[in-house]
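Notes follow the structure.
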Amino acid sequence: MKERLAIGSDHAGFELKQKVINFLEIEGYKIEDFGTYDSSSCDYPDFAFKVAKNISEKKNDLGILICGTGIGMSITANKVKGIRAANCCSVDMAKLARKHNDANILTIGARIIAFEQAKEIILAFLNARFEGDRHIKRINKINELTGLL
Ligand code: RB5
């Protein structure tokens, strides 16, 4: 069973988001699109918060957020309870974000990463699995120390 995905972007990520949605639907994923819905200027926290809240409430399994760098999306999403958002620029980062950090949101920079590379990063993220084991206590420590997650 494929994960249910929530996706969002700002204007800088809009074009890449549309391509990613099209690609992932062909791959058989169900995707809920939280906008933005055109390329007019908007504010990334609005979309990061919507997707992060949706994942935090377990309405979908995993999230993808796209802005210019992926940084603003990750900063915002990581303020939401239960969210571990990872801004990934390579396939290895995307795999390890799931395997070691149990990341539940992938953020991507559309001004940094081209579509061909984004596809590989996204598939690596979706296909990797959390390894558990020693990583569980580290993730629990994030919760204990910050009181957030
Ligand atoms: C928008 O110009 C840009 O600042 C935004 O997409 C993002 O890169 C922020 O982190």
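Of the residues making up segment 102-116, those that are surrounded by fewer than 23 Cβ atoms within 10 Å (Cβ to Cβ), touching a residue at least 24 places away in the same chain (Cβ under 8 Å) and farther than 30 Å from ASN140 by Cβ are ARG111, ILE112, ILE113, PHE115. Among the residues of segment 70-81, those that are more than 14 Å from GLY109 (Cα to Cα) and open to solvent by 60 Å² or more (accessible area, probe 1.4 Å) comprise LYS79, LYS81. Of all residue pairs spaced 6 or more apart or on separate chains, those with beta-carbon atoms under 7 Å, a first member in segment 1-21 that is more than 10 Å from THR36 (Cα to Cα) and without any contact (Cβ under 8 Å) to a residue 24 or more places away in the chain and a second member that is hydrophobic (A, V, I, L, M, F, W, C) and open to solvent by 30 Å² or more (accessible area, probe 1.4 Å) are ILE21/ILE31. Residues in segment 10-20 that are under 16 Å from LYS119 (Cα atoms) and open to solvent by less than 20 Å² (accessible area, probe 1.4 Å): GLY13, LEU16, LYS17, VAL20.
Filtering segment 72-91 to residues that are among the aliphatic types (A, V, I, L, M) and either more than 13 Å from the ligand (Cβ to nearest atom) or farther than 16 Å from LYS17 by Cα (or both) leaves ILE75, ALA77, VAL80, ILE83, ALA85, ALA86, VAL91. With respect to (1) more than 16 Å from the ligand (Cβ to nearest atom); (2) out of contact with any helix residue (DSSP H, G or I) (no Cβ under 8 Å at 6 or more places or on another chain); (3) not small (Gly, Ala, Ser), the lone exception for LYS19 is condition (2).
Report whether or not GLU131 is assigned to a loop (DSSP other than H, G, I, E, B) and either farther than 19 Å from ILE21 by Cβ or out of contact with any Leu (no Cβ under 8 Å at 6 or more places or on another chain) (or both).
For GLU131, the condition - assigned to a loop (DSSP other than H, G, I, E, B) and either farther than 19 Å from ILE21 by Cβ or out of contact with any Leu (no Cβ under 8 Å at 6 or more places or on another chain) (or both) - is met.
Is segment 89-101 home to any residue that is of a type in the set (Val, Ile, Thr) and open to solvent by less than 20 Å² (accessible area, probe 1.4 Å)?
No, there is no match, as no residue in segment 89-101 is of a type in the set (Val, Ile, Thr) and open to solvent by less than 20 Å² (accessible area, probe 1.4 Å).
Here are some residues: GLU27, GLU32. Which one is more than 12 Å from the chain's Cα centre (by Cα), open to solvent by 20 Å² or more (accessible area, probe 1.4 Å) and over 15 Å from ALA6 (Cβ atoms)? Can you show your working first?
Details: GLU32 fails: over 15 Å from ALA6 (Cβ atoms).
None of the other options fit; the residue is GLU27.
Within the bounds of segment 61-69, is there any residue that is more than 12 Å from the chain's Cα centre (by Cα), within 16 Å of the ligand (Cβ to nearest atom) and either open to solvent by less than 60 Å² (accessible area, probe 1.4 Å) or touching a residue at least 24 places away in the same chain (Cβ under 8 Å) (or both)? Yes, some residue in segment 61-69 is more than 12 Å from the chain's Cα centre (by Cα), within 16 Å of the ligand (Cβ to nearest atom) and either open to solvent by less than 60 Å² (accessible area, probe 1.4 Å) or touching a residue at least 24 places away in the same chain (Cβ under 8 Å) (or both).
The values are calculated or read from the model by the stated rules, or taken from the named source; none is laboratory data. Values in this document were obtained by computation on a predicted structure and should not be read as measured data. Glycine gets a Cβ as well: all are built from the backbone with ideal geometry, and neighbour counts include every protein chain shown. Just so you know, the surface numbers come from the protein's heavy atoms only, side chains and all, with ligands and any DNA or RNA stripped out. Shrake-Rupley method; radii C 1.70, N 1.55, O 1.52, S 1.80 Å.
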